[in-house]
Amino acid sequence: MMSDPWSQRTLDDLDSVQRWLSSLRPRDCVYYAYRIDVADPAVVAPALAQASVSSRLLAGLRSGPAGPVLRPAVLAAWNGDATALALTEYLSDWFPPLAPIPDVEPEWLSPLREIALGSPGDRVEHGLFPSTPTKLARLALAKAGDYPAEAVMTEAEAAYKKGPHYYAHDAVACALVHPGLDAADMATKVMETLPDRGWRSRRKTYRLLRWARDIGRWDGARLDSGHGR
């Protein structure tokens, strides 16, 4: 039998689980040195009852640090809530996501805002680049129209003018799905910036444009799918 390649830290009591949940950040679900698990799954439900909804979503991410005992206990604590489980799966996806962006009911906007850590294009405290759960939360909020359309467009238009070390691809993605914006117009504006950028940035932009075409937000006019690979 192959050994688990991950080091593991085991939480033994309610207080330690509560502390872990309260300190969990979106980036901790992407960058971590060891998995977190519990010795007794019975302590998970009481800890989750005291935790924020955003922490509960992050704790259940497929890509996150929760171990083979802890994660199933976190998911079970939702008691079959279809929206919670769908959002947990969505926030575990790639960026741009492979699965459809879920529709978000009003009561889920606040926890998604906590995971989004600001608006499309915003830098985050721990560094320039938002982690994948943060970018996906921003995308879901944009699709729901939670961000003002004008603000999203402003950030998307400035996405590739922020300097050589930061490209706000998340702002462009948000503009491509926002119901108050014209995705085709946004795609045209973005393509006009391509000649002035490096190949890594261009490649990510082509990926976003192909993704927006594939989900039906624009017809892909002028987009050569062979570029950017």
Checked against (1) open to solvent by 70 Å² or more (accessible area, probe 1.4 Å); (2) modelled with pLDDT of 95 or more, H227 satisfies every condition except (2)
Conditions (1) closer than 24 Å to V172 by Cβ; (2) free of Cβ contacts under 8 Å to residues at least 60 places away in the same chain; (3) open to solvent by less than 50 Å² (accessible area, probe 1.4 Å); (4) within 13 Å of the chain's Cα centre (by Cα): number failed by L57: (1)
What single numbered condition from (1) of a type outside the set (K, R); (2) in a helix (DSSP H, G or I); (3) over 16 Å from L209 (Cα atoms); (4) open to solvent by less than 10 Å² (accessible area, probe 1.4 Å) fails to hold for A151? (4)
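Residues of the stretch 204-217 being open to solvent by less than 20 Å² (accessible area, probe 1.4 Å) and modelled with pLDDT of 95 or more, which ones?
Of all residues in the stretch 204-217, those open to solvent by less than 20 Å² (accessible area, probe 1.4 Å) come to 205, 208-209, 212.
L208, L209, A212 - these are the residues of the stretch 204-217 that are open to solvent by less than 20 Å² (accessible area, probe 1.4 Å) and modelled with pLDDT of 95 or more.
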Test S3 against the criterion of being farther than 30 Å from E107 by Cβ, modelled with pLDDT under 95 and open to solvent by 80 Å² or more (accessible area, probe 1.4 Å), and give yes or no. yes
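Just to verify a result, which residue in the stretch 20-54, among those that are of a type in the set (F, W, Y) and modelled with pLDDT under 95, is least open to solvent (accessible area, probe 1.4 Å)? Give the steps one after another, and end with the answer.
Of the stretch 20-54, the ones of a type in the set (F, W, Y) are 20, 31-32, 34.
Add one more test, that the residue is modelled with pLDDT under 95, and what stays is 31-32, 34.
Numbers: Y31: 142, Y32: 54, Y34: 95 Å².
The residue in question is Y32.
Does K161 qualify as being charged (D, E, K, R) and open to solvent by 80 Å² or more (accessible area, probe 1.4 Å)? Even if it seems obvious, please write down each step before you answer.
Values: charged (D, E, K, R): yes; open to solvent by 80 Å² or more (accessible area, probe 1.4 Å): yes.
Yes, satisfied.
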Matching residues in the stretch 136-182 - criterion: being more than 25 Å from A86 (Cα to Cα) and among the basic types (K, R): K161, K162
The condition from (1) surrounded by fewer than 15 Cβ atoms within 10 Å (Cβ to Cβ); (2) in a helix (DSSP H, G or I) that S201 misses is numbered (1)
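The values are calculated or read from the model by the stated rules, or taken from the named source; none is laboratory data. All figures in this text were calculated on a predicted structure; none of them were measured in a lab. Heads up, the Cβs are rebuilt from the backbone with ideal geometry, glycines too, and the neighbour counts pull from every protein chain shown. Side chains included, ligands, DNA and RNA excluded: accessible areas come from the protein's heavy atoms. Shrake-Rupley method; radii C 1.70, N 1.55, O 1.52, S 1.80 Å.
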